[in-house]
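No value in this document is a laboratory result; all are computed from the given coordinates. Bear in mind the structure is a predicted one, so any value in this text is a computation, not a measurement. Methodologically, a virtual Cβ is constructed for each residue, glycine included, from the backbone with ideal geometry; neighbour enumeration extends over all protein chains shown.
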Amino acid sequence: SGLKYEEYVRVKLGIVEGELIASPLDRGAGASMSLVRADGFCVIPQNREGIAAHETVSVELVRDMEQIGKTLVLIGSHDLILDVINDRMMEETKDMCLSSTHVGSLSGLIALKKKEAHLAPTHLLDEKDGSYNRTITQEMFPDEKMVIIKGVRRRQGWIVKPGNPLSIGNISDITPEVRYINRQRGAGTRVLFDYLLKKEGIPTKNIRGYEHEAATHMSVAVAVQKDNADVGMGIYSCARALGLDFIDVTFEEYDFVTYASYLELPFVQEFLKILRSDAFKAKLEALGGYSCEETGDLIYL
């Protein structure tokens, strides 16, 4: 936050293990939908640069606590399907909803470990065997009964301008002359990109824009669309939504990690019901770039 003005930040709220968790929503003039989604406003006083994660704050509520108590809190990796699930949840239950904060897969698992979220969306690659999500979950929660809720398989690759004017085909085509837009540290997409660089022996200093980070796949696509970058790694559905070209790199597994005990929560049960529904699968088909062979399956660890 700037020091000059008092700022009102729109937040989404949810209750995890008896604690009220506030997650900031999109800010700025173009983020009108965050006004509709907000449960309240957190005030950042004048002469403060911001509020640290995990700090206790006061929130002016615009929704009652009964509604807030029915909010499923997700912190972790971003995907367009989270908005689809939230829409379905609100349509079918009228009072349950989903709050998602996009901080990357690893930070999401850390938030889950701190009991700040009910679910952590994640797609972290194990370089040793090519599997997703199981190894990191076992390492981070060695003494807990955990569950991986299988999500979707999704097309991950290079998002480029229409016609692919720079002829990007693989990572070796991202030369120092090409402007790249990266993802934040801890994001599964960043882990995959770093793995590909390492595999090809390409130093990060050769990637122009390696330090330029975006918080979501859609932000990567927007950067390419607005000519702030030539290429970025992201998911097919975001490229398609903005009319951009896409070059496949891999199909990855986008899942949801949670505690086994949380499966009994009513909004987690509703989440599972939606994941397994034909209506959700039909929406995936419309978005493009997804497959759902295991969607809604449970893997106990």
Item checked: Checklist (1) in contact (Cβ under 8 Å) with a residue 24 or more places away in the chain; (2) surrounded by fewer than 16 Cβ atoms within 10 Å (Cβ to Cβ); (3) out of contact with any Lys or Arg (no Cβ under 6 Å at 6 or more places or on another chain) applied to Ser291, failing item -> (3)
Checklist line | Per-region count, the range 163-195, residues among the polar types (S, T, N, Q) and in a strand (DSSP E or B) | finding: 1
Checklist line | Residues satisfying the stated conditions in the range 254-287, i.e. free of Cβ contacts under 8 Å to residues at least 60 places away in the same chain and assigned to a loop (DSSP other than H, G, I, E, B) | finding: Arg276
Next item on the list: Could you grab me the full set of residues in the range 196-208 that are exposed (fewer than 15 other Cβ atoms within 10 Å of the Cβ) and part of a helix (DSSP H, G or I)?
Entry: Lys198, Lys199, Glu200, Thr204, Lys205, Asn206
Margin query: I'm checking my understanding of the structure. Among residues of the range 126-151 that are β-branched (Val, Ile, Thr) and touching a Ser or Thr at 6+ places or on another chain (Cβ under 9 Å), which one is nearest to Gly296 (Cα to Cα)?
Written below: Ile149
Check: Restricting attention to the range 133-154, does a residue exist that is in contact (Cβ under 8 Å) with a residue 60 or more places away in the chain, under 23 Å from Ala221 (Cα atoms), surrounded by 19 or more Cβ atoms within 10 Å (Cβ to Cβ) and among the β-branched types (Val, Ile, Thr)?
Finding: yes
Next item on the list: Could you run through the range 209-236 and say how many residues are in a helix (DSSP H, G or I) and over 14 Å from the mean Cα position of the chain (by Cα)?
Entry: 6
Check: Can you tell me which residues in the range 166-196 are under 12 Å from His212 (Cα atoms) and either more than 17 Å from the chain's Cα centre (by Cα) or in contact (Cβ under 8 Å) with a residue 60 or more places away in the chain (or both)?
Finding: Arg179, Tyr180, Arg183, Gln184, Arg185, Arg190
